[in-house]
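Asks: Before I ask anything, here is the structure I am working with.
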Number of protein chains: 4
Amino acid sequence: MFSYRVRVRWADTDASGRIHNTAALRYFEEAAGDLFRHLGLSLEAGLAGGLDFPRVHVECDYLLPLGFDDALEIRVFRGRVGESSFALECEGWLLEEGPWGPLLSGARGRPIPSLALRGKLVIVTVDRQKGESTRIPHELRQALEQLSSSSKPS
Amino acid sequence: MFSYRVRVRWADTDASGRIHNTAALRYFEEAAGDLFRHLGLSLEAGLAGGLDFPRVHVECDYLLPLGFDDALEIRVFRGRVGESSFALECEGWLLEEGPWGPLLSGARGRPIPSLALRGKLVIVTVDRQKGESTRIPHELRQALEQLSSSSKPS
Amino acid sequence: MFSYRVRVRWADTDASGRIHNTAALRYFEEAAGDLFRHLGLSLEAGLAGGLDFPRVHVECDYLLPLGFDDALEIRVFRGRVGESSFALECEGWLLEEGPWGPLLSGARGRPIPSLALRGKLVIVTVDRQKGESTRIPHELRQALEQLSSSSKPS
Amino acid sequence: MFSYRVRVRWADTDASGRIHNTAALRYFEEAAGDLFRHLGLSLEAGLAGGLDFPRVHVECDYLLPLGFDDALEIRVFRGRVGESSFALECEGWLLEEGPWGPLLSGARGRPIPSLALRGKLVIVTVDRQKGESTRIPHELRQALEQLSSSSKPS
């Protein structure tokens, strides 16, 4: 399990007063980037080596309303790892209410901490020259093995 | 089935040279907004009437690489409709390659037209005052019934 | 003068109920991209030819509150053209109020049409290999000359 | 002077391989939000009190190419303070190169630290009910006085 902290940014809200529905996916991506940086890896670095790592599937459940300045902990787990693709399972835990967010978002009575977001990214290794999927590089596979597998939050 | 046209915008690309993984969800949202405007409705208008329509689930499969200026047709279908929630199933069809996008994105040999995106939005009707889900308004339910149900693309 | 139509998208609003302060710059960029496509050019195509066209200055005045679904006409004019850089001056005219936007944005009593946005993009031609600015390509310079110079809206 | 740290996020890049031209304005906004939180204030909280703080002018100079994962320090200074409006002057200093960003962005030979971004936000206090500008609240004016005025970077 890997942990990343983020606050809901103003630019990530919309006129409902709450978080926009694409924001969680950006937080998951930031957490994944931070994870790989800590492992001395970078999916982006693969680009220089001729590899691409497109996200071929993204999804998120919004379990609680979230608003501006709410403090979140994003947790990243290893999902299914195949020959050329792998999944990262992500959770977003509400750790602290933004001081003003509830006034705007109407969110009330949310337990602290509580599971607010649950999602998944599926990433494929692609040989950029050939335009075809290819085996996950050894280093990346090893790094994924170090990551704890997804919890089953109840 | 409802149809909406959009080109991949420069701001929706990332340093991979292709579309960012949150962009399709914005296109689905734009298509849904356009759909409701044509039906004389607006989820956003519900806010004024005390209703919220949060997206509680979003997902997308990226079936083909997409790049700057690729022209897409977003098709919206009715998914499952329950008491207080409903799903919109969305497809994104590549209609025309951007003149320059393939140089940047590396995308080649994509048939025209072809199914590039497939996703879903699940939307709940919420009573903003009570903070609880509530029945889908009658008008909205009628509008959803006019929408053809999701195709089964093979 | 070149004209481009856009509606304020839901994803471009924030929890104030109005347009986010970066959205106009995206609209200007979309308008500029559309302009260059019509001229058979693409700043992005330059990337393939070893040229970069980074925006080295962006600015925008927000003259009127704007909200979801407000319909805008973006007008693009030629600003100052130098050896290696050029400016595009942009205006955003409110053509039609979104049917629901005013409920969320609080915007009222805005004349139609009215000038809502005024801004500028300054773009430099860069030789990507050398990392240095270089002369504006001939074709692009000709295209800029076809564009009417900036009006002086009073 | 107030300082805020941020890394260039993947979602903030575009197909040029570098930062998108709206990203700096989001960083300035985040820095300003962080500043006000530390002062026990929130522009957003004003919404609940009937005040709006729209950004009526935003601008940014991009002085250096920036790419994914570059580490920045955003510095916020007090600009001109009037009756109902005030300016925040912002700088972005490159503190550390992202390990992989230069491969994608082509940025090379940038001194560390160096001034990469310089910009400004102009914010107006608006009475939301009347839709008119109004005096800056006393608490906010005091907070602004605590902020050092803009440096003159040469």
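The values are calculated or read from the model by the stated rules, or taken from the named source; none is laboratory data. Please read these numbers as outputs of a predicted model, since none were measured by experiment. Using ideal geometry, Cβ is built from the backbone for each residue, glycine included, and neighbour counts are taken over all protein chains shown. The protein model used for the area step is the full one, side chains on, heavy atoms only, and it has no ligands, DNA or RNA in it. Shrake-Rupley method; radii C 1.70, N 1.55, O 1.52, S 1.80 Å.
Asks: How fast does region D:106-154 diffuse by Stokes-Einstein, in µm²/s, taking the Kirkwood radius from C-alpha pairs at 4 °C and 1.567 mPa s?
Replies: Diffusion coefficient, whole number: 87 µm²/s.
Asks: Then there's this: In whole Å, what is the distance between the alpha-carbon centres of region B:1-27 and region C:52-82?
Replies: Measuring centre to centre over Cα atoms gives 21 Å.
Asks: Computed on protein heavy atoms with a 1.4 Å probe, what is the summed buried accessible area for the chain pair B and A, in Å² to the nearest 100?
Replies: The buried area between B and A, both sides summed, comes to about 2100 Å².
Asks: If you take each beta carbon of peptide D:104-114 and count the beta carbons of other chains within 10 angstrom, what is the mean?
Replies: 2
Asks: If you don't mind, there's one more thing I want to ask. Can you compute the charge dipole magnitude of region A:2-146 about its Cα centre, using +1 on each Lys and Arg Cβ and -1 on each Asp and Glu Cβ, nothing else charged? Give it in debye, rounded to the nearest 20.
Replies: I would put it at about 120 debye.
Asks: Per-residue ellipticity at 222 nm for chain A, helices alone: DSSP H runs ≥ 4 residues times -39500 (n - 2.57), over residue total, nearest 500 deg cm²/dmol?
Replies: About -6500 deg cm²/dmol.
Asks: Is the C-alpha gyration tensor of region D:2-146 telling us rounded, prolate or oblate? Criteria: a/c under 1.5 is rounded; beyond that, a/b larger than b/c is prolate, otherwise oblate.
Replies: prolate
Asks: Lys and Arg at +1, Asp and Glu at -1: add these up for the other residues within a Cβ distance under 14 Å of C:TRP93 and post the number.
Replies: Taking every other residue near C:TRP93 into account, the sum is -2.
Asks: Just read off the accessible area of C:SER148 with the full protein assembly in place, 1.4 Å probe, to the nearest 10 Å².
Replies: Here the accessible area works out near 50 Å².
Asks: Now for a different question. Let me know the mean shielding of D:6-12 by other chains, meaning the per-residue number of their Cβ atoms within 10 Å of its Cβ.
Replies: 6
Asks: Rolling a 1.4 Å sphere over the protein heavy atoms, what is the accessible area per residue of region D:81-149, to the nearest Å²?
Replies: Counting only protein heavy atoms, the per-residue value for region D:81-149 is 49 Å².
Asks: From the square roots a ≥ b ≥ c of the eigenvalues of the alpha-carbon gyration tensor of region B:12-91, which class results: rounded (a/c under 1.5), prolate (a/b over b/c), or oblate?
Replies: It comes out prolate by the Cα gyration axes.
Asks: Residue by residue through C:32-39, how many Cβ atoms from other chains fall within 10 Å of the Cβ on average?
Replies: Counting other chains' Cβ atoms within 10 Å and averaging over C:32-39 gives 2.
Asks: Can you pull the accessible area of D:MET1 for me, 1.4 Å probe, Å² to the nearest 10?
Replies: The accessible area of D:MET1 comes to roughly 100 Å².
Asks: With θ taken as phi - 60° and the coefficients 6.51, -1.76 and 1.60, list the Karplus ³J(HN,Hα) couplings across region B:129-134 in order, rounded to whole Hz; mark glycine and proline as x.
Replies: Values per residue, Gly and Pro as x: 5, 7, x, 10, 5, 9 Hz.
Asks: So which GluC sites (Glu not before Pro) in region A:50-123 pass both tests, a DSSP loop state and at most 15 other Cβ atoms within 10 Å of the Cβ?
Replies: Sites meeting the loop and neighbour criteria: A:GLU83.
Asks: Sorted by accessible area with a 1.4 angstrom probe, largest first, how do C:LEU104, A:LEU121 fall?
Replies: Descending accessible area places them as C:LEU104, A:LEU121.
Asks: Now for a separate question. By its C-alpha gyration tensor, with a ≥ b ≥ c as the square roots of the eigenvalues, how is the protein assembly as shown shaped: rounded for a/c under 1.5, else prolate for a/b larger than b/c, else oblate?
Replies: Rounded, because the longest to shortest axis ratio a/c is under 1.5.
Asks: Moving on. Assuming R0 = 51 Å, can you tell me the calculated FRET efficiency for the pair B:LEU95 and D:GLU139, based on Cβ-Cβ distance, to the nearest 0.05?
Replies: Taking R0 as 51 Å, the efficiency between B:LEU95 and D:GLU139 is 0.40.
Asks: Moving on. So how strong a dipole does the protein assembly as shown carry about its Cα centre when Lys and Arg Cβ are +1 and Asp and Glu Cβ are -1, to the nearest 20 debye?
Replies: Magnitude of the dipole: close to 0 debye.
Asks: Can you pull the accessible area of D:ARG7 for me, 1.4 Å probe, Å² to the nearest 10?
Replies: Counting only protein heavy atoms, D:ARG7 exposes about 70 Å² to solvent.
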